[in-house]
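The values are calculated or read from the model by the stated rules, or taken from the named source; none is laboratory data. All of these numbers come straight from a predicted model, not from anything done at the bench. Reconstructed Cβ throughout: ideal geometry from the backbone, glycine too, with neighbour counts over all protein chains shown.
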Amino acid sequence: MLNKENVLEVLKDVIYFPKGDNIVALNMVDNLMVKDDAIRFDLVMEHANDPKNDILVNGAKRTLTEVFGEVNIEIKVVEEKTALSKVKHIIAVASGKGGVGKSTVAANLAIALARANQRVGLIDADIYGPSVPMMFGTENERPAAFEKDGKAVMMPIEKYGIKLLSIGYFVDANRPLIWRGPMATSALNQLMNDTLWGELDWMVVDMPPGTGDIQLTLAQQYNVSGAVIVTTPQKVAFADVLRAAMMFKEEALQIPIYGLVENMAYFTPSDMPDKKYYIFGKETGKGFADQLGVPLLGQIPITEKIAECGDAGTPLALDADSPVTKAFDKIAQAIINKDNG
């Protein structure tokens, strides 16, 4: 029998593979109308103009026709209205392991993008080790929360022209988070979806190290424009870098890699900014990038101020004269150019 209940039951056989579930369970079917021999509904997609939407539309029509016969089927693709609807690009900053300065790179990259007149947000998705509140000097601040359209939403904290949000604003900094994977991914989804981000050119996401649940959730459920992989020059780091890069290249994810950032590439004394001492070896990052088949976006020097500024809540990329700032400005411009090109 042709009715709404039966149509919805049949549409449960239509799987949206990027999110690993059927279109009914994913709330992608809206405004369903069933009358006489006609079925009409809206198919809610992240991007209404994506040519790949036709695959899902045709699959839904075929499935309905197999059950109900030659009925009139009209499916209209509409764009999903979410907290991220006005965010142009999501960029993941990732690493194969901890201790390579990934959060420092994420924070200073966000600053550099803002210096290039971009509207920027920064999400601290390193759920188990949030560091953005300290790096931006906002440990004692709390995001404002209020109700909108019957739903509790948050306002991000703003500092240096960047919209910030971190799990660190909601937990005791002196107590470890003992969370299973589903709790961590739920926290990430709340940070992403329950926040009034407004219009952003870039959302920088500081990922946890490794290749776990958070990485998979971000890659599978959000339209990530690209990833930046952070490494240090030591050759022993390459195995971890390779794992991180290969995750984004997996067929099920297919997220472009903007390139590699070599952190701690060399030491530059503050009183001799033109000097470069390659403590851990020269051209290692270039070799890593070549083996991965991605660009080397930039080399970040070790300076006396970079850790000191991060601990003080004033990322070094705010200092226009610092060699670190110049390196991050170059990386930011390369990423902007790649998306504009």
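Return a yes/no flag: does the range 259-274 have any residue that is in the same structural domain as Gln215 (by TED's automatic domain parsing), surrounded by 14 or more Cβ atoms within 10 Å (Cβ to Cβ), acidic (Asp, Glu) and touching a residue at least 40 places away in the same chain (Cβ under 8 Å). Checking the range 259-274: not a single residue is in the same structural domain as Gln215 (by TED's automatic domain parsing), surrounded by 14 or more Cβ atoms within 10 Å (Cβ to Cβ), acidic (Asp, Glu) and touching a residue at least 40 places away in the same chain (Cβ under 8 Å). Among the residues of the range 130-151, those identified as within 21 Å of the chain's Cα centre (by Cα) and within 20 Å of Ala106 (Cα to Cα) are Pro130, Ser131, Val132, Pro133, Met134, Met135, Phe136. If you go through the range 130-151 and keep only what is in contact with a helix residue (DSSP H, G or I) (Cβ under 8 Å, 6 or more places away or on another chain) and either surrounded by 15 or more Cβ atoms within 10 Å (Cβ to Cβ) or not basic (Lys, Arg) (or both), you end up with Pro130, Ser131, Val132, Pro133, Met134, Met135, Phe136, Thr138, Glu139, Glu141, Pro143. When the test is whether a residue is assigned to a loop (DSSP other than H, G, I, E, B), out of contact with any helix residue (DSSP H, G or I) (no Cβ under 8 Å at 6 or more places or on another chain) and on the phi < 0 side of the Ramachandran plot, Asp240 does not pass it. For Asp329, the conditions (1) part of a helix (DSSP H, G or I); (2) out of contact with any Lys or Arg (no Cβ under 9 Å at 6 or more places or on another chain) are fulfilled apart from (2). Scanning the range 225-247 for residues that are within 21 Å of Gly98 (Cβ to Cβ) and either within 12 Å of the chain's Cα centre (by Cα) or small (Gly, Ala, Ser) (or both) gives Ala227, Val228, Ala237, Ala239, Ala244, Ala245. Candidates Gly59, Gly69: the one that is at positive phi and not hydroxyl-bearing (Ser, Thr, Tyr) is Gly69. Taking the stated definitions as given, is Ile23 surrounded by fewer than 17 Cβ atoms within 10 Å (Cβ to Cβ) and under 27 Å from the mean Cα position of the chain (by Cα)? Answer is no for this residue.
Only one of these is modelled with pLDDT of 90 or more and surrounded by 14 or more Cβ atoms within 10 Å (Cβ to Cβ): Gly285, Gly313, Gly298. Name it. Full working, then the answer.
Working: Gly285 fails: modelled with pLDDT of 90 or more; Gly313 fails: modelled with pLDDT of 90 or more.
Criteria check complete, one pass: Gly298.
Exactly one residue out of Lys159, Lys163 is closer than 16 Å to Ala114 by Cα, surrounded by 21 or more Cβ atoms within 10 Å (Cβ to Cβ), in the same structural domain as Met247 (by TED's automatic domain parsing) and modelled with pLDDT of 80 or more: that is Lys163.
Among the residues of the range 169-199, the ones that are modelled with pLDDT of 85 or more and buried (at least 20 other Cβ atoms within 10 Å of the Cβ) come to 5 in all. Give all pairs with beta carbons closer than 6 Å in which a residue from the range 223-245 that is in the same structural domain as Lys286 (by TED's automatic domain parsing) and without any contact (Cβ under 8 Å) to a residue 24 or more places away in the chain meets a residue that is basic (Lys, Arg) and surrounded by fewer than 22 Cβ atoms within 10 Å (Cβ to Cβ); count only pairs at least 6 apart in sequence or on separate chains. Correct list of pairs: empty, since none qualify. For the range 194-212, does any single residue satisfy the condition of being in a helix (DSSP H, G or I) and farther than 22 Å from Leu297 by Cα? The answer is no, given that none of the residues of the range 194-212 is in a helix (DSSP H, G or I) and farther than 22 Å from Leu297 by Cα.
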